[in-house]
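This report refers to the structure that appears directly beneath it.
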Amino acid sequence: MIKSMSSHSSLEALSNELFLEIFDLLSSFDIIYSFYNLNTRIKSIIGTKYFISLDLTNMPIMKIEHYCKQIIPQINDKLCKLTITNASACGEIRVFNLLCNLIDYPQLVTLELNNALYSDLKLIIPKLKYVKSLKISWCDYVLPGTDKDRRLIMELLFSDSTIPHLTSLQLSSLHTDDIINWQKSFHLEEFTIDCCSVDVLSKLDRFVLNIDCLSITFPYQTDKLNRDDLIRLRTLQSEISMGSLMAFDVWKLDVRGRPFEFVELLIKTVQARDKLYITLSTASIDSLIAENWKNLLSFHRNAYHSHFQLHLNITVPFHEPINISELSTEFETHFWTSKKWKVILNVDIKKQLIKLKTLPYNKNNF
């Protein structure tokens with residue numbers, strides 16, 4: 001009886017379906033470390049069902065070395081997403097690159113490199129023959145003596161031949177000197193700059209790439225720098241008004257902490273053909289006046305076409321009583337009645353915040 005119970009309680013007695021249910025509850029690390037090399041059957045179940053995502057962030061360097069030597073090479077045809085972070089002087093990205101050749105990972109389509117050094121990137125980028133989505137945050141971005149290396153990295157990134165399948169690129173920051181010798185034929189479905197300046201925006205217009213969606217974040221600035229940026233933005237707007245607009249299918253603008261005047265100028269400067277995403281947090285109540293948004297949208301030629309989508313995400317502090325009903329009615333008058341998008345207003349009394357959000361119209365929104 002004891003022998004029978006032991007037999008039926010062994011791993012081999014479990015059905016494939018039950019294994020899959022167990023794996024659904026585990027992380028990729030747990031699946032690989034605990035099950036992958038137990039036997040041929042379990043390895044086959046994992047291999048036919050799962051693509052593996054690994055995040056080596058916050059992992060001790062000795063453990064990273066162990067994974068790179070013993071485990072990751074065994075799943076080279078299953079690894080689809082990888083995150084590596086330089087978190088110590090040991091250079092985790094460098095260690096990974098020394099022990100694993102990314103050319104041998106045909107299913108690796110998403111790669112995130114955090115706190116990366118140029119010395120790492122120069123060696124890794126030419127190996128990314130299968131990567132479709134690449135995210136890089138720089139470690140030595142503005143250090144003296146790195147200009148030459150940085151330009152080389154940019155030439156590698158913005159080349160059709162280096163990463164042939166790349167469709168999405170996210171960079172932690174970009175400098176005006178980086179925007180040189182980019183191939184005009186280079187195409188991205190989405191290009192994201194986590195920390196962008198007006199000067200970079202201006203140069204992007206002159207070296208515009210074949211980009212479907214441009215997503216940029218303008219960091220919080222002091223009052224003086226905000227004034228300087230307003231001057232630059234007005235100059236850029238006047239230059240563009242005499243020529244072509246900065247037009248992309250989709251614009252995503254994160255302008256949290258910037259004055260509403262900056263937001264207004266920015267929206268008048270760019271041109272979204274299909275979708276416009278705006279995230280802002282400002283002390284100005286002007287950002288909650290529907291008439292202001294109606295006027296701003298008039299600068300976008302397709303804004304009132306049936307296919308156009310507006311995604312607003314606005315947070316405004318308030319210190320005096322606000323008539324939410326009146327505010328909501330005003331937005332409904334300008335937006336909701338046209339069946340273009342739904343407006344959602346929420347009030348956080350405790351934090352004294354008003355949050356406004358728009359959703360594209362569909363039958364589920366009404």
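Laboratory data are not the source of any read-out in this text; all were calculated from the coordinates shown. On a predicted model such as this, the values are computed, not experimentally measured, just so you know. Backbone-built Cβ (ideal geometry, glycine too); neighbour counts: all protein chains shown.
What to note about this one:
- GNM remark for the chain: springs join alpha carbons under 10 Å apart, and the peak mean-square fluctuation among THR146, THR217, THR315 falls on THR146.
- GNM result for the chain, Cα springs below 10 Å: residue of ALA247, ALA89, ALA303 fluctuating most strongly: ALA89
- The chain: antiparallel DSSP beta bridges as a percent of all, rounded to 5: 20 percent
- Put a dot 7 Å past the Cα of GLN107, heading toward its Cβ, do the same for LEU353, and the two dots end up 4.0 nm apart.
- Near LEU174: Cβ cut-off under 11 Å, other residues only, Lys/Arg at +1 and Asp/Glu at -1. The net charge is -2.
- Between amide H atoms placed 1.01 Å from N, distances below 5 Å from ASP249 occur with ARG273, all of them 5 or more places distant or on a separate chain.
- Integer Hz, Karplus 6.51/-1.76/1.60 couplings in order for region 311-328, x for Gly and Pro: 10, 9, 9, 10, 10, 9, x, 9, 10, 10, x, 10, 7, 5, 4, 5, 4, 5
- For the chain, size of Cβ-based charge dipole, Lys and Arg +1, Asp and Glu -1, in debye: 500 debye
- For LYS129 and THR40, the FRET efficiency from 1/(1 + (r/R0)^6), where r spans their Cβ atoms and R0 equals 30 Å, is about 0.50.
- The simple spin-label model puts a point 7 Å past each Cα toward its Cβ; for ALA13 and GLU261 those points are separated by 7.7 nm.
- Candidate values [x] 61, 40, 35; [y] 77, 57, 37; [z] 71, 60, 49, label of the one derived for Cα extents along the principal axes in Å: [y]
- In straight-distance terms, cross-link reach from LYS350 covers every one of the aspartates and glutamates whose alpha-carbon lies under 18 Å from its own, apart from those fewer than eight places away in the same chain; here that gives GLU320.
- A Förster radius of 51 Å, combined with the Cβ-Cβ distance separating ASN292 from SER27, puts the computed FRET efficiency at roughly 0.65.
- Long-range amide H partners of SER215 with built H, under 5 Å: PHE191, THR192, ILE193, LYS252
- Estimated FRET transfer efficiency (GLN221, SER119; beta-carbon r; R0 25 Å; 0.05): 0.20
- Simple spin-label estimate for GLU332 and ASN313 in nanometres, 7 Å along Cα-Cβ: 2.6 nm
- Cβ-based charge dipole, the chain, positive-most Cα from TYR105, THR192, ILE64: TYR105
- Note on SER53 and SER238: the extension gain reaches 61.9 nm, defined as 0.36 nm multiplied by sequence separation minus the Cα-Cα distance.
- GNM result for the chain, Cα springs below 10 Å: residue of SER173, SER34, SER119 fluctuating most strongly: SER34
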